Every structure is written in C-alpha cells, then in structure tokens.
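Note sheet for the following structure.
The values are calculated or read from the model by the stated rules, or taken from the named source; none is laboratory data. Given the structure is predicted, the values throughout are model-derived calculations rather than measurements. Methodologically, a virtual Cβ is constructed for each residue, glycine included, from the backbone with ideal geometry; neighbour enumeration extends over all protein chains shown.
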Amino acid sequence: MKFIISFLKRYPLQSILTLLAMLVAGIAEGFGMSMLLPMLSLSSRGEASAGHVKHAASTLEQAIIGLFSMLGMQPTMGILLFIFVMSIVVKVVLVLLANRKVGYMVANVATDLRLSLLKAIFESSWSYYITQPTGNITNSFATEATRSSEAYLFGMRLISVLMNAAVYAAVALMVAWKATLLAVFLGSGILFLLRFMVKQARAAGRDQTVLLKSLLSFLTDMLMSIKPLKAMAREQGMESLLRRKTLELNRALQRQVFSKEALRALQEPLITIFFAIGLYVALVFMELPLSNVLVMVYMLAKILKALQRAQKEQQSMVIAESAYWSILSRIRDAEEQKEKFQGRRFPEFRKAVILSEIVMTYRDKPVLNGLDMEVLKGSFTALVGPSGAGKTTVVDLITGLFRPQEGKVLVDGVPLDEIDLRKWREMIGYVPQETLLLHDTVLFNITLGDESISREDAIDALRKAGAWEFVSQLPEGIDSVVGERGGLISGGQRQRITIARALAKKPALLIMDEATSALDPETELEICKTLRGLREQVTVLAISHQETILREADRAYVLENGRARFMKGGM
C-alpha cells in the first residue's frame, strides 16, 4: 500500500477523480444487480400475484420493495429489467471514462518521472554528476520510468477491483449476511494462502530492476569503447560478460513468469472447491430459498472473481514497483546534490581571470598546491603539463564546476563565489578533448537545438573555426549528417565543428581542454593558427601537453608539482 499512497500523494486530484468514477460505476452495477432477487421472486411466484412482494426473505428484497413503495411504483419484471440494463450501461460508460483517464495518467506518470529525472540530473553539482554511471541514468529514463507507469496502472486497477468487491459484498450481505461473511472469510483465506506467489513476484521484480541497471550501465560503457575492443579482438570477452548478465536477467524474468502462472493455476481449483462447498452448505444446512442462494452465489462469484483479479493486479504491481522506488531514489539523490548558486553579481570580463593561491586535494592526494596564474583579456594563453598534473581541474575551477578548497578564482578582481555562475558560464565556450558529435546534421551539432542561435550564426561560427570551407562542400552542406559520433568526417573536421559550436554564442572566453591532443601535428598547427587569429574577438585558454600550443600561444604556463610556472613566449 505504500506504493499506492505515494502515487496518490503525487497525483491527488487526478487519482481521486478517477477512483470516484470507478466507485460510482461499481455502485451503479451493484444497484442493477440488486434487481436480480426481486426478478427471481417474481418469476418463481408469478408476476400477476407478486405485484407486491410482501414476504421477502432477505433484507435486500425488503429494501427494494420499500424503495418502490416510496416512489409509488410496483416492482414489475419490465421495470426491474430496465433498471438492471440501465445500471450496467451507466457502469460501462463510467468505467470507460475512468479507464481513459487512467490511460492518460499512465503516460503522464512516465513523462513526469522522466522530466523530473532530467531536471534533477542537469541541476545537480558536477561532483555528483561525474560519479553517476551513464547507463544507470539511461536505464532510469527509458526502462524504470515505463515500469513505474505500469505499476501505477496496476495499482489503480487494484483499487478499482477492491471497490467493486466491496459493492458486491454489500449486496450479498443484504441477501444472506451470515453465509456471505463465512464465504468471504474462507475465500480471503484461500487468497491469503497464495500470498507467497506475490512475494516471489516482488523479489523477482527487485532482481529485474537491479540486473537491468547493471546490464545497461555495462552495455553503455562497452558500446562507447567498441572500436578499440574490435581493433584488439577483445570484444568476445565483453560479449561473454554481457551474456552472463543477460542470462541472470532471464532467470529473474522466468521466476516472474512462473509466479504469475502458478498463481493463476492455483486460484481456479481452490475457488471452485470453495464454491461447491458453499453452495452445498447454503442449500442443505442453511436451507435458504433457491432464489436467495442463486443471487448470493452470483454475488459471491463476483466478489471472489474480483479478489482473484485484485491479487493478480497486486502481483503485477509489486513486480514493477521496484522500478518506481529506484527512479524516485535517483531523482531525490540528484535533487539533494543540486548545484547551489549564491552569487548575484553580473560578470564583466574586461581585464583578466586570476587564480590565486589555489589548493585542491583529491582523495588525500594534492593536485594543486598554491597555484597562481592569470588569463588576460584578448590573450592566447596556454597551460601545459603531464597527464594528472591538474590541468582539467584548473578548467573546472574557472568554469565554477568545482570550488577551490583554498584560494580564490577572480574575474576582474571579483571572487567567482559572488558572481552569477549561470551568466558567467554563458560567456564561456568550451571544447573538450572528446569530439562529442551527435548523429545529426552539422547545423544541429552547432546549435544543439538552441533557437537563439540562427543559421547565419552557425555559418559565422563555422567560418571563424575554419570549418566552412569543408562544410560547404559536403553533399547537403550545413544540413549534412555527420554520422554516429561524427564518424563520416575526419578527426580534424570534427574538432573544428566542436570549436564552431563553442563559438556560436560569441563567448568572451574560449577554453580548449586537450582539444588538439588527438590530432596530427599539421592539423593541430592549423587549428592553433585559427585560434590565434580569434584573439581580437575571444580570449583563448588552451590546455595541452604538446609543444605546438606553446609555440602559438603568446602566454604560457607549465603546470608541475601543483604550481603554474609562467613562461612568456614559448619553450
């Protein structure tokens, strides 16, 4: 019930309206079925002599006759049949409306969870984000959101079926309350005995959630590394690991299927035996009139059928609900790690970005130890050093993704903590080492769907990046598709497109984070000359460990032992 309560709190109005429609539908059906007993009495006694049935054996029959008497009507066969049919019609219409609402809500649940996940992940701090496996986020977005919406569907069906069972029970109690209580008690006992199948399904659902998370996380990482794996003929080892994880998932799915089929198989014979015994007791020991027994048995059949279905819906719900708790936990964790923006001052980059006495430690290992450096406005500044020296950490500090444990980052003398970080980041163009191109057009890879960047802005950025010459010669020009991860164009061309992406919003500071390290010397030199020519329009900070950057830069720092040693002009 914790799962259902959670959803009712998350979607209170929609859920209440849906359940209300289902409740009224159940009441309408129950009211119509209550006409069965008077109809059977009339048919057994003869409608002519039973215009007023004054010797009703049950509370239900007396209540119906009293209702007709109050309305000044006689309970004739025609009227009773009309009420019975109209009640069923009303029930069908209300159920249709309720099911349509549930269908809409199922889609909304998946959408809301996905949007909440995206918002929480994108707003989380960088230190939190880099610890999250991409495959886990993908699994939550694609699989867990869908399974959560299915769990909501099963939960709403469960409540609906239980409400119908309650209405059927109310009608049956008015026919023969002792027999009904005994029957419901015994029937519920049968379902209680089968609860272990629900527990088994819940365990299988939890295993499925854990295994899917692990499998998709591993698969995502492997697919991103497929080229070196194939180049070294090592893909079979990865395939073997994936096969093992997939077979584990298959076993969890088999347990899930078995529990559902076993529940279905055991319910039928047990409930049939129960009905046979109940019918015998009602007719032989309780000596109830046949009309009462028929109506009671019919209503009990509806009750137990509803309880049977309720148990199936519960089983389906518990299989899927673990996905809901998993995605909800991920959303909450990300929300708790939301990036905090405290600064309010508008950034003005007119002079320099200065890092003063910066100290950063990672896992008790010093990375930066009293680092001092500055990036002057209008300069082409290079920062070089060996892998692991802390070059990328410097970039993360300038962009505000990390905050120094000691020291300050200043923009024109103003501490970064006092500056509106969003505004500051809007002034930065960033080019990473990995050329992250999407399987889409050149234009989309530059704009990334940002409607504020026009086609003309994209072409201008391509010209500045020295990419327009080759882009204009592509089959579809700027509308040409670059392939998966940019595989249809060369490495240098991919890099120039990523530079154009960074330049598209006319940044004040362009950061190149090892962006030329994977290129051949000739291509790297061409890109460095392109960057040098942009100094009047944008300040460039290039991170690298290669000499080409040092030769082209007008200011250079060497990062060693956690400090930046200034080198003016070159090696």
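Odds and ends about this structure:
- Yes/no for Val395 being at pLDDT 85 or above, out of contact with any helix residue (DSSP H, G or I) (no Cβ under 7 Å at 6 or more places or on another chain) and aliphatic (A, V, I, L, M): yes
- Unique residue being modelled with pLDDT under 85, among the hydrophobic types (A, V, I, L, M, F, W, C), surrounded by 16 or more Cβ atoms within 10 Å (Cβ to Cβ) and touching a Leu at 6+ places or on another chain (Cβ under 7 Å) when the list is Ala465, Ala461: Ala465
- Qualifying residue in region 450-457 (condition: within 15 Å of Arg501 (Cβ to Cβ), assigned to a helix (DSSP H, G or I), in contact (Cβ under 8 Å) with a residue 40 or more places away in the chain and not hydroxyl-bearing (Ser, Thr, Tyr)): yes
- Annotation for region 173-184: at least one member residue is of a type in the set (Ser, Thr, Tyr), surrounded by 19 or more Cβ atoms within 10 Å (Cβ to Cβ), over 25 Å from Val318 (Cα atoms) and in contact with a Leu (Cβ under 6 Å, 6 or more places away or on another chain).
- For region 430-444, the count of residues that are at pLDDT 90 or above and either of a type in the set (Phe, Trp, Tyr) or in contact with a Pro (Cβ under 6 Å, 6 or more places away or on another chain) (or both) is zero.
- Any hit, region 351-368, residues being charged (D, E, K, R), in contact (Cβ under 8 Å) with a residue 60 or more places away in the chain and out of contact with any strand residue (DSSP E or B) (no Cβ under 7 Å at 6 or more places or on another chain): yes
- Residues (farther than 19 Å from Leu421 by Cβ, among the small types (Gly, Ala, Ser) and touching a Ser or Thr at 6+ places or on another chain (Cβ under 9 Å)) located in region 326-349: Ser326
Okay, residues lined up against (1) without any contact (Cβ under 8 Å) to a residue 12 or more places away in the chain; (2) in a helix (DSSP H, G or I); (3) surrounded by 20 or more Cβ atoms within 10 Å (Cβ to Cβ):
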| residue | (1), (2), (3) |
| --- | --- |
| Ala107 | no, yes, no |
| Tyr128 | no, yes, no |
| Thr131 | yes, no, no |
| Phe154 | no, yes, yes |
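- Just one of the listed residues (Glu321, Glu313) is outside the structural domain of Pro507 (by TED's automatic domain parsing), surrounded by fewer than 23 Cβ atoms within 10 Å (Cβ to Cβ) and either touching a residue at least 40 places away in the same chain (Cβ under 8 Å) or under 30 Å from Met373 (Cα atoms) (or both), and it is Glu313.
- The listed residues are Val409, Val482, Val471, and the only one of them that is over 27 Å from Val375 (Cα atoms), free of Cβ contacts under 8 Å to residues at least 60 places away in the same chain, buried (at least 22 other Cβ atoms within 10 Å of the Cβ) and over 35 Å from the mean Cα position of the chain (by Cα) turns out to be Val471.
- Residue count, region 460-475 (criterion: small (Gly, Ala, Ser) and over 14 Å from Thr441 (Cβ atoms)): 3
- Those residues of region 133-146 which are surrounded by fewer than 22 Cβ atoms within 10 Å (Cβ to Cβ) and either in a helix (DSSP H, G or I) or not assigned by TED's automatic domain parsing to the domain that holds Thr220 (or both), in sequence order: Thr134, Gly135, Asn136, Ile137, Thr138, Phe141, Ala142, Thr143, Thr146
- Candidates Val359, Val384, Val353, filtered to the one that is crowded, with 22+ Cβ neighbours inside 10 Å and at pLDDT 90 or above: Val353
- Taken over region 318-343, the criterion of being of a type in the set (A, V, I, L, M, F, W, C) and over 15 Å from Thr131 (Cα atoms) is satisfied by Val318, Ile319, Ala320, Ala323, Trp325, Ile327, Leu328, Phe341.
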